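Engineer: Structure in structure tokens, see below.
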Amino acid sequence: MELTKENLLDMYRQMVTIRLFEQNLMHYAGEGHVPGTGHVSIGEEAIAVGACRALAPQDYIISTHRAHGHLIARGTHIPTMLAEVFGKATGCTGGKGGSMHLSDFDRNILGTNGIVGGGINIAGGVGLTIKMKKTDQVSVCFFGDGASNRGVFHEGFNLASLWKIPVVYICTNNQYAMTLPLCKNCANQDISARATAYDMPGLRVDGTDVIAVYEAVSGALERARQGGGPSLIEIIAFRLQGHSMRMDAMPDGSSYRPEGEIADWWDNKDPIKIFREKLYGLGYLDDEVAATLEAAAKKDIDEATEFALNSPEPKPESIYEWIYA
Amino acid sequence: MAQRQISYREAVAEAIIEEMTRDDRVFLMGEDIAVVGGAFGATKGILAAFGEERVMDTPISETAIVGYAVGAAMTGLRPVVEIMRCDWMTICMDEIVNQAAKMRYFTAGRPEMAMVIRTATEGGIGLGAQHSQSFEAWFAHIPGLKVVMPSTPYDVKGLLKSAIRDPNPVIFMEPIILYGTSGPVPKEDYTIPLGQADVKREGKDATIVCWGAVTSRVMNAAKMLADEGIDTEVIDIRTIRPLDIEAILASVRKTGRLVVAHEANKTGGFGAEIVAQVQEKAFDHLDAPIQRVAANDVLIPINRNLELMVLPREEQVIAGVKAVL
């Protein structure tokens, strides 16, 4: 499907919303409102928005610990999500799962996951259901470059391809597994090349280009829907923050990243900046429209924050809830 | 008319066939379960009855087998998967402990997680230290899992049918040495509730609590003790989690003496949990320190005589009972 001007502007608004949500989250984490930790995707917004725009409403998402963007791009109720991250009773699991265990069954988001690579096999099983029930759906699995080195990557990929399961594997390669750079993680730094080993297509896409992401994911979805089986899309991303809000630097406060890298990426690899320039170039966006969209995004985040801050703490007896054995 | 006698492995297959007939959401996956009917013959004939769409041989990929089952269960199917040996459940512990057991909690109870993981457990047939272990204590430690270990053909049919109908993940452990044993099994549909112990022999002098393959040896020992005028009560708990502690307490209140027998290693075995609960809840009824009869804290050797030395036999059960009298 060709993206219209309205689609593109809405995608821009979504990217800004994700950015504001996470910057806001980092602020409130600093204020002590986020139990434990959270993993922001600042710099990776084009992947969430491009991929989710390509999905049909009936498709499933299985995601990772770095998933706020995937939910927002899918239209999840942001106040409920933020309340969950704050550990409040009004969150999607009553404040017991937090940032790493978000889900939204109304939008077929079956869950994010605290285990790196934990969703890869689950997504295969979701695809197996689709195949067995013969429904017109696809299972979409987000994971990262770190997960690509786990054994589940091999087992899950092999079985999905062997059984022609309708799955689209989206590997967000943000070039760091926690603190370790890609060159120290992957013998072959082209993760998409591994698809060949499983007899499936492997694509490499620029993660700063939201339209390229949309097009690549659309193609893989179509292939899966036609019974062609799984695809791997490696999307090169630029993580502009630390691994998590707890782990941003070396113990002494210095950076584990090359000097100047983050500044360079902010200048040259920020997907929102790149998309904004593109939209200006197309004549779809000007300062006035941009301000309107950004104000709408900010209003959503402000309302969500108000809701989350004012939500009640979970009741003590809720510790037993949803445990059946 | 004499009751029909069938083997433990035939009872497993019969339970699965009845449940697959009753509910078309039930399907099988595992290594060598389809064409050859299982490494131990417990799924023989099921492929012929239901076809390869519902009875699937998988690659040797334990994480994929269980992970795919999680995804399939989350989307409404009811997978019954086989991990050929309990020892190899170690390979897919993330999928069992972090995914299957926690998924309902992380999703506010939204999907059912109806999945059964069948596995051949315990030793006694010379398969050695990586093919003879029994990890029921590990699984019983995890909220969200149910753990079952039937000791007779009658029990395995009724309990497996209950496990398949349960909306939660069930670890279903089948003692390998029992597959060839026979016993009366009704042809008609029946279930045995999970969490219900079976008083196999009533007695007044001491209680012996057991499960799995050691149960038949405990029954032999009870007969030998009866010849000496010692009247023991034998309880097969059948389900490890949830534990029918009330049945055990009722017996201990009557006899005042308790021996717990199992085939897993003694240290950290599930027997320790039963001992702890009994002293917490019925200390005043105990007339002697509780005894445990279990495998020595060693690895299981393949040599027949050495294996027999390590695994608990009638002699150790009798010695255990005499120690509490």
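Engineer: Where is the GNM fluctuation largest for chain B (alpha-carbon springs, 10 angstrom cutoff): B:Ile177, B:Ile300, B:Ile117?
Structural biologist: B:Ile177
Engineer: Would you kindly calculate the mean projected area, averaged across all directions, of the convex hull enclosing the Cα atoms of region B:113-156, in square nanometres? Provide the component values of the computation, followed by the final result.
Structural biologist: Working: hull surface 16.3 nm².
Taking the Cα atoms of region B:113-156, their convex hull projects to 4.1 nm² on average.
Engineer: How large is ³J(HN,Hα) for each residue in region B:88-104, as worked out from phi by the Karplus curve 6.51 cos²θ - 1.76 cosθ + 1.60 (θ = phi - 60°), to whole Hz, x for Gly and Pro?
Structural biologist: Result, ordered by residue: 8, 5, 4, 5, 10, 5, 4, 5, 7, 7, 8, 9, 4, 5, 10, 5, 5 Hz.
Engineer: Cα to Cα, under 15 Å, and not fewer than 8 places away if on the same chain: which aspartates and glutamates meet these conditions relative to B:Lys223?
Structural biologist: Result set, ordered by chain and number: B:Glu202, B:Asp205, B:Asp231, B:Glu233, B:Glu314, B:Glu315.
Engineer: Moving to a separate point now. Let me know the Kirkwood hydrodynamic radius for region A:134-211, please, with Cα pairs as the basis and the value in Å to one decimal.
Structural biologist: Details: mean 1/r = 0.0739 Å⁻¹.
Mean inverse Cα-Cα distance, inverted, gives 13.5 Å.
Engineer: Expressed in nm², what is the orientationally averaged projection area of the convex hull enclosing the Cα positions of region B:198-324?
Structural biologist: Details: hull surface 29.0 nm².
About 7.3 nm², averaged over all directions.
Engineer: Still on this structure, I have one more. Sum up the charges of everything whose Cβ sits under 15 Å from the Cβ of A:Phe105, counting Lys and Arg as +1 and Asp and Glu as -1, but leave A:Phe105 out. Intermediate values should be presented prior to the final figure.
Structural biologist: Working: positive: A:Arg74, A:Arg107, B:Arg104, B:Arg110; negative: A:Asp59, A:Glu84, A:Asp104, A:Asp106, B:Glu112.
So the surrounding residues net to -1.
Engineer: Here is a follow-up. Share of antiparallel DSSP beta bridges in chain B, in percent to the nearest 5?
Structural biologist: Numbers: 8 of 43 bridges.
Percentage antiparallel, nearest 5: 20.
Engineer: For A:Met132, A:Met250, write out the residues from largest to smallest accessible area, computed with a 1.4 angstrom probe and no ligands counted.
Structural biologist: Working: A:Met132 55, A:Met250 85 Å².
Result of the area sort, largest leading: A:Met250, A:Met132.
Engineer: Let me ask something else about it. If exposed means no more than 16 neighbouring beta carbons inside 10 Å and the site is in a DSSP loop, what's the longest run of chain A without any exposed trypsin sites (Lys or Arg not before Pro)? Intermediate results must be reported in sequence, preceding the final value.
Structural biologist: Values: sites that count: A:Lys134, A:Lys164, A:Arg246.
Answer - A:1-133.
Engineer: Residue by residue through region A:75-89, which ³J(HN,Hα) values in whole Hz follow from phi under the Karplus form 6.51 cos²θ - 1.76 cosθ + 1.60 (θ = phi - 60°), with glycine and proline marked x?
Structural biologist: Going residue by residue, I get x, 4, 4, 5, x, 4, 5, 5, 4, 5, 5, 7, x, 9, 4 Hz, with x marking Gly and Pro.
Engineer: Let me ask you something else. Give the share of C-alpha pairs in each 10 angstrom bin for chain B, from 0 to the last occupied bin, in whole percents, shortest bins first.
Structural biologist: Taking all Cα pairs of chain B, the binned fractions are 6, 27, 34, 23, 9, 1 percent.
Engineer: With both partners inside the protein assembly as shown, how many of the DSSP beta bridges are antiparallel, as a percent to the nearest 5? Numbers along the way, then the final one.
Structural biologist: Working: 11 of 68 bridges.
Percent antiparallel among DSSP bridges in the protein assembly as shown is about 15.
Engineer: Moving on to the next point. What percentages make up the Cα-Cα pair-distance distribution of the protein assembly as shown when the bins are 20 Å wide from 0?
Structural biologist: 18, 44, 28, 9, 1
Engineer: Take the Cα pairs of chain A, get the Kirkwood Rh, then feed it into Stokes-Einstein at 25 °C and 0.890 mPa s and tell me D in µm²/s.
Structural biologist: Values: Rh = 20.1 Å.
Using the Kirkwood radius from Cα pairs, D works out to 122 µm²/s.
Engineer: Modelled label-to-label distance, B:Lys281 and A:Glu6, 7 Å Cα→beta-carbon offset: nm?
Structural biologist: 6.3
Engineer: Then there's this: Using Cα springs under 10 Å in a Gaussian network model of chain A, which residue among A:Gly97, A:Gly202, A:Gly151 shows the largest mean-square fluctuation?
Structural biologist: Judging by the Gaussian network model, the answer is A:Gly151.
Engineer: What accessible surface, in Å², does a 1.4 Å probe find on B:Glu188, ignoring ligands, DNA and RNA and rounding to the nearest 10?
Structural biologist: 120
Engineer: Students often check this: by mean Cβ neighbours within 10 Å, which of B:144-156, B:311-323 ranks highest, and how do the rest follow? Before the final figure, lay out each step's value.
Structural biologist: Numbers: B:144-156: 25.4, B:311-323: 19.4.
Going from most to least packed, we get B:144-156, B:311-323.
Engineer: Can you list the residues, at least 5 places off or on another chain, whose amide H is less than 5 Å from the amide H of B:Arg201, using H built in the peptide plane?
Structural biologist: B:Val234
Engineer: Out of A:Ala67, A:Ala56, A:Ala224, any idea which swings most in a Gaussian network model of chain A, alpha carbons joined below 10 Å?
Structural biologist: Checking each option, the largest mean-square fluctuation is seen for A:Ala56.
Engineer: Inside 10 Å of the C-beta atoms of B:106-117, what's the mean count of C-beta atoms belonging to other chains? Walk me through the numbers before you get to the answer.
Structural biologist: Details: counts 15, 12, 10, 5, 9, 4, 1, 2, 0, 1, 0, 0.
Mean shielding by partner chains, rounded to a whole number: 5.
Engineer: List the GluC sites (Glu not before Pro) within region A:1-79 that DSSP assigns to loop and that have no more than 11 neighbouring Cβ atoms inside 10 Å. Walk me through the numbers on the way to the answer.
Structural biologist: Details: sites: A:Glu2, A:Glu6, A:Glu22, A:Glu31, A:Glu44, A:Glu45; in loops: A:Glu2, A:Glu31, A:Glu44.
Sparse-neighbourhood loop GluC sites (Glu not before Pro): A:Glu2, A:Glu31.
Engineer: Could you tell me how far the Cα centroid of region B:192-244 sits from the Cα centroid of region A:123-146, in Å?
Structural biologist: 46
Engineer: Jot down the radius of gyration and Dmax of region B:13-133, Cα atoms only, both in angstrom.
Structural biologist: My reading of the Cα-based Rg and Dmax gives 14.4, 45 Å.
Engineer: Right, something else. Straight-line reach from A:Lys164: which lysines have a Cα under 29 Å away, not including same-chain ones fewer than 8 places off?
Structural biologist: Within the straight-line limit of under 29 Å, A:Lys164 reaches these lysines: A:Lys131, A:Lys133, A:Lys134, B:Lys44, B:Lys102.
Engineer: With θ set to phi - 60°, apply the Karplus curve 6.51 cos²θ - 1.76 cosθ + 1.60 along region B:4-12 and write out the HN-Hα couplings as whole Hz, x wherever there is a Gly or Pro.
Structural biologist: Result, rounded to whole Hz: 4, 10, 9, 7, 4, 5, 5, 5, 4.
Engineer: Follow-up question, since we're still on this one. How big is the accessible area of A:Cys92 in square angstrom, nearest 10, if you roll a 1.4 angstrom probe over the protein chains?
Structural biologist: Approximately 30 Å² of A:Cys92 is accessible to the 1.4 Å probe.
Engineer: May I ask you to give the percent of accessible area on chain A that is carbon plus sulfur, with a probe radius of 1.4 Å? Could the numbers behind the result be given before it?
Structural biologist: On the way: 6770 of 13010 Å².
Heavy-atom surface of chain A belonging to carbon and sulfur, 1.4 Å probe: 52 percent.
Engineer: Taking square-rooted eigenvalues a ≥ b ≥ c of the alpha carbon gyration tensor, is region B:69-198 rounded, prolate or oblate, where a/c under 1.5 means rounded and, failing that, a/b exceeding b/c means prolate?
Structural biologist: Details: a/c = 2.12, a/b = 1.25, b/c = 1.70.
It comes out oblate by the Cα gyration axes.
Engineer: Normalised by the residues of chain B, what does the relative contact order come to in percent, with Cα pairs under 8 Å and at least six apart?
Structural biologist: On the way: 724 pairs, mean separation 53.8, N = 325.
It comes to 17 percent, rounded to a whole number.
Engineer: Buried accessible area between B and A (1.4 Å probe, both chains summed, ligands and nucleic acids excluded), in Å² to the nearest 100?
Structural biologist: On the way: alone 13440 and 14600 Å², together 24860 Å².
It comes to approximately 3200 Å² buried between B and A.
Engineer: How many partner chain Cβ atoms sit within 10 Å of a residue's Cβ in peptide A:111-119, on average, as a whole number?
Structural biologist: On the way: counts 9, 1, 5, 3, 6, 0, 3, 7, 4.
Taking the mean over all residues of the peptide, I get 4.
Engineer: Whose amide H sits under 5 Å from the amide H of B:Phe27, counting only residues 5 or more places off or on another chain, with H placed in the peptide plane?
Structural biologist: B:Arg78, B:Val80
Engineer: Quick one: if you stick a label point 7 Å off each Cα along the C-beta vector at B:Glu228 and A:Met178, how many nm between them?
Structural biologist: 5.6
Engineer: Ordering A:Ser192, A:Ser218, B:Ser216 by how much accessible area each has at a 1.4 Å probe, largest first, what is the list?
Structural biologist: Correct descending sequence by accessible area is B:Ser216, A:Ser218, A:Ser192.
Engineer: Rounded to the nearest 10 Å², what accessible area does B:Asp287 have for a 1.4 Å probe in the complete protein model?
Structural biologist: 100
Engineer: Counting only residues 5 or more places away or on other chains, whose amide H sits under 5 Å from the amide H of B:Ala264 once H atoms are built in the peptide plane?
Structural biologist: When sequence neighbours closer than 5 places are left aside, the close amide H contacts are B:Ala295.
Engineer: Quantify how strongly other chains surround peptide B:89-102 by giving the mean number of their Cβ atoms within 10 Å of each of its Cβ atoms.
Structural biologist: Details: counts 0, 0, 2, 3, 0, 7, 6, 0, 1, 4, 8, 1, 2, 8.
That works out to 3 on average.
Engineer: Can you give the accessible area per residue of region B:5-184, in Å², using a 1.4 Å probe?
Structural biologist: Numbers: 5120 Å² over 180 residues.
For region B:5-184, the per-residue accessible area is 28 Å².
Engineer: While we're looking at this one, here's another question. How many nm is it between the label spots at A:Glu288 and A:His77, if each spot is 7 Å from the Cα in line with the beta carbon?
Structural biologist: It is 3.6 nm.
Engineer: Can I get the semi-axes of region A:223-325's equivalent ellipsoid? Compute them from the C-alpha gyration tensor as square roots of 5 times the eigenvalues, in angstrom, largest first. Mind showing how you got there, number by number?
Structural biologist: On the way: eigenvalues 217, 126, 121 Å².
Result for region A:223-325: semi-axes of 33, 25, 25 Å.
Engineer: Relative contact order of chain A: what whole-number percent is it, with Cα pairs under 8 angstrom and at least 6 residues apart?
Structural biologist: Numbers: 615 pairs, mean separation 76.7, N = 325.
About 24 percent, as a whole number.
The values are calculated or read from the model by the stated rules, or taken from the named source; none is laboratory data. Please read all numbers here as calculations on a predicted model, not as lab measurements. When we count neighbours, we look across all protein chains shown, and the Cβ atoms used for this are built from the backbone with ideal geometry, even at glycine. SASA here: full protein model, heavy atoms, side chains in, ligands and nucleic acids out. Shrake-Rupley method; radii C 1.70, N 1.55, O 1.52, S 1.80 Å.
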